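Taking it in order: structure first as structure tokens, then the write-up.
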Amino acid sequence: MLKEGMTKTLNETVTMENTAKVLGSGSLLVYGTPAMLLLVEKTAVALLEGALEEGMTSVGTNLNVDHVSATPVGGEVSCTVALKEIDRKRLVFGVLVEDKNGVIGKGSHERFIVNAEKFQAKTDQKLS
């Protein structure tokens, strides 16, 4: 059951594979913004795991996260999302991403609850 105030934290290590240089989002060997945004979505999905009705899933619709500090290869990154608002099928999460030196990302993320089968079928029709 979904409740405002629910939180979830996931961690990851900065590796060569998730650097800006390798991901193509920059030229430096630092934690890439695309990797950070993926971690935000993964964390929100993990928070919702087991909390949605049978046959339902969520889709990300908005990411508004500032990447305010760089983390080098080998650094540990921690992402915490908090469910701030439930507006029918719209979910709003507060986002905080940190490394051992403090905040590296902050903002919000929105997801919508959808019927998985219907959503997939409608999307697949785009190829017809």
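Observations on the structure shown:
- Test: residue in segment 92-106 that is outside any loop (DSSP other than H, G, I, E, B), open to solvent by 50 Å² or more (accessible area, probe 1.4 Å) and of a type in the set (D, E, K, R): yes
- Subset tally (residues that are open to solvent by 80 Å² or more (accessible area, probe 1.4 Å), part of a loop (DSSP other than H, G, I, E, B) and free of Cβ contacts under 8 Å to residues at least 40 places away in the same chain) for segment 11-44: 1
- Residue match in segment 71-89 (condition: charged (D, E, K, R), open to solvent by 60 Å² or more (accessible area, probe 1.4 Å) and in a loop (DSSP other than H, G, I, E, B)): yes
The values are calculated or read from the model by the stated rules, or taken from the named source; none is laboratory data. The structure presented is a predicted model; accordingly, all values stated were derived computationally and were not measured. Here Cβ is always computed from backbone atoms with ideal geometry, including for glycine, and neighbour counts include all displayed protein chains. Remember, those area values only see protein heavy atoms, side chains included, never the ligands or the DNA or RNA. Shrake-Rupley method; radii C 1.70, N 1.55, O 1.52, S 1.80 Å.
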